[in-house]
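Since every read-out is calculated from the coordinates, none of them should be taken as a lab result. None of the values given here were measured: they were computed from a predicted structure. Positions of Cβ are generated from backbone atoms using ideal geometry, with glycine treated the same way; all protein chains shown enter the neighbour counts.
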Amino acid sequence: MSTDLATSPTRPGRPPARRRCRLLRRLLVGALALGLVGVLGLAGLAAWFWSQADTSNVGRLSFANPLKIPPLLEPRLDGAGRKVFDLRLQPGTSELLAGKPTQTWGANGAYLGPTIHATRGDQVAMHVRNDLPEATTIHWHGMHLPAAADGGPHQLIQPASTWSPSWRIDQPAATLWYHPHPHGSTEDHVYRGVAGLFLLDDPEAGALALPNRYGVDDIPVILQDKRFDRNGELDYRRSPFSPIGRLGHQLLVNGTHDPHLTITSQRVRLRLLNASTARVYNLGFADDRPFELVGTDGGLLERPHSTTRVPLSPGERAEVVATLRPGERVVLRSFPPDLGLDPFQERFAGADDSFDVLQIRAAPKLAPSPPVPGRLVRHQPLDQADVVRTRRLELDGSSRINGLRMDLGRIDQTVTVDTTERWEVANRSGNPHNFHVHGVQFNVASYLGGPPPPRLAGWKDTVFLPPGSTVRLLVRFPGYADPAQPYMFHCHLLQHEDNGMMGQFVVIQPGQSPTGSSHQQHHDRT
Ligand SMILES: [Cu+2]
């Protein structure tokens, strides 16, 4: 190249060709060097973020604090024989980390809410008073109930107002929960601390020899990860890299940091709830001891499933029974979950993270507990032969279902009451998602191309979907039809949900049609 240039004629006022060429080369080398430094810098920055992105508290806890047990909410009976529960949503100050006050929200307290307990057949009435500075809702997650009582984004409770839904409990014993659901703010409202358990009971489950003394051998385990700033306040920043939403560095169980639990009987039932906004847990014991999985989102399994790990994505629940030896200490731990991502994304989505959750301390003498029954409850699973319609729902990116963002004024699906449908849910994005349906419990007919694993064999209302996966659900819509009030289906990774990965369905009588948008708000000023 330089030879050719050297033979070209020189023009007056310009450097000779050879010098020009040298200059060009220098410029080029300089630019390349600069580029390289830039690329290395960016790579270094990415590597730094990557190295900072995994989180673990394993080995760093002292298990100093007794596990808080949310109080049981005592109902009063009204003249109509209904069990009336009073919830007051309120702001407050909590000491989540020792010595550091944190501004939080709760129900009947500064953080989280009481445990509600009801029995199949009960007529319940909930009085939800909103003393928060913002409008919110309370959704009864997993409950079979009329759409107007569901507490989705249409049932906004304005500040200083009370919402009073009522319904009859008509579903099997289960570990359900309640949490806010205002469209666009669900992640923040849940993160601030409004959530609680709603335990259902029935005679068949009540007759089983399972640990059932609340707070003694039947223990709520509400898992939440939090990020705190230097002053101990909740950090609301979103991670620019996380494909799933805000991930915390600290773990709270029932609002307790660094917790332990003392047990005085041989077996303990843990009701595990993932009440985090984005984090997926993979729960087991530090010594890998097997335990019995006895229940999932919507109730007990037909028979216990012996395992060493239970993965839980946001919103999911599991009931497990563990056996202890006198005097021992064992740690419930969350191991790195499998999110189905590439190693780079996995790191930013929490898939390399591990947490010590709770140290269980067995008393020196343990009262004997009966063995876990080999058969639990009879199931009447939904029948493929009854399917009247198949719907396909595709989760796209991090904010759309079937190409559309949530619109409170648009009904996406219309189903007929008392029919069974197949819902084929496909995760068409590179992000992990999960899928939650309001108002019903479903059966998983197939999961990732095969039959459902034992942990998905029972009633579910929320199911995890790794990128590229498809799950087929059998869903039946018994009892309640209302052409004006929609139920929701959505991703329960709350940032995705707030961003629009949600749709609406109405349940109608045969021949009815949906009666348009339903922006009605059900509240009375009090
Ligand atoms: Cu999602």
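Here is how the numbers come out for the structure above:
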| quantity | calculated |
| --- | --- |
| Mean projected area in nm² (Cα convex hull; one quarter of hull surface) for the range 282-427 | 12.8 nm² |
| Amide H contacts under 5 Å for residue 353, placed H, 5+ residues apart | 55 |
| Rotationally averaged projected area of the range 341-426 (alpha carbon convex hull; nm²) | 12.4 nm² |
| Mean Cβ neighbour count within 10 Å, used as a protection proxy, ranking 30-39, 181-190, 232-241 highest first | 181-190, 232-241, 30-39 |
| Label-point gap, in nm, between residue 306 and residue 95 - each point 7 angstrom along Cα→Cβ | 4.5 nm |
| Full-stretch length increase - residue 43, residue 389 - with 0.36 nm per residue and alpha-carbon distance subtracted | 119.5 nm |
| The range 96-128-the range 335-349 distance, computed between alpha-carbon centres (Å) | 32 Å |
| Angle between the chain longest axis and helix 17-53 axis [Cα atoms, degrees, rounded to 10] | 20 degrees |
| Cα-based reach from residue 460 at 14 Å (exclusive), listing aspartates and glutamates while leaving out same-chain residues under 8 positions away | 297, 302, 316, 319 |
| Counted charge near residue 81, where neighbours are those whose Cβ lies closer than 14 Å (Asp, Glu -1; Lys, Arg +1) | +2 |
| Residue 65-residue 375 FRET efficiency (beta carbon distance; Förster radius 41 Å; 0.05 resolution) | 0.60 |
| Three semi-axes of the equivalent ellipsoid, the range 172-272, Cα gyration tensor, whole Å, largest first | 32, 18, 10 |
| DSSP bridge orientation in the chain - percent antiparallel, rounded to nearest 5 | 70 percent |
| Proximal aspartates and glutamates relative to residue 83, as straight alpha-carbon distance under 13 Å, when same-chain residues fewer than 8 apart are discounted | 74, 122 |
| Furthest towards positive pole of dipole, 469, 456, 395, structure part the range 356-498, Cβ charges | 456 |
| Placed amide H near residue 492: partners under 5 Å, 5+ positions off or other chain | 434, 435, 436 |
| Spatially proximal aspartates and glutamates relative to residue 68 (Cα-Cα < 18 Å; intrachain offsets below 8 disregarded) | 95, 217, 218, 225, 258, 356 |
| Computed lengthening from residue 88 to residue 361, 0.36 nm per intervening residue step minus Cα-Cα distance | 94.9 nm |
| Against the rule of thumb 2.2 N^0.38 Å, how large the Cα Rg of the chain comes out | 1.13 |
| Local net charge near residue 32, Cβ-Cβ under 15 Å (Lys/Arg +1, Asp/Glu -1) | +2 |
| Amide H contacts under 5 Å for residue 142, placed H, 5+ residues apart | 439 |
| Point-to-point label distance, residue 414-residue 25, nm (Cα→Cβ direction, 7 Å offset) | 7.6 nm |
| Percent antiparallel among DSSP beta bridges (both partners in the range 396-521, rounded to 5) | 85 percent |
| Sum of side-chain charges, residue 437 neighbourhood, beta-carbon under 12 Å (Lys, Arg +1; Asp, Glu -1) | -1 |
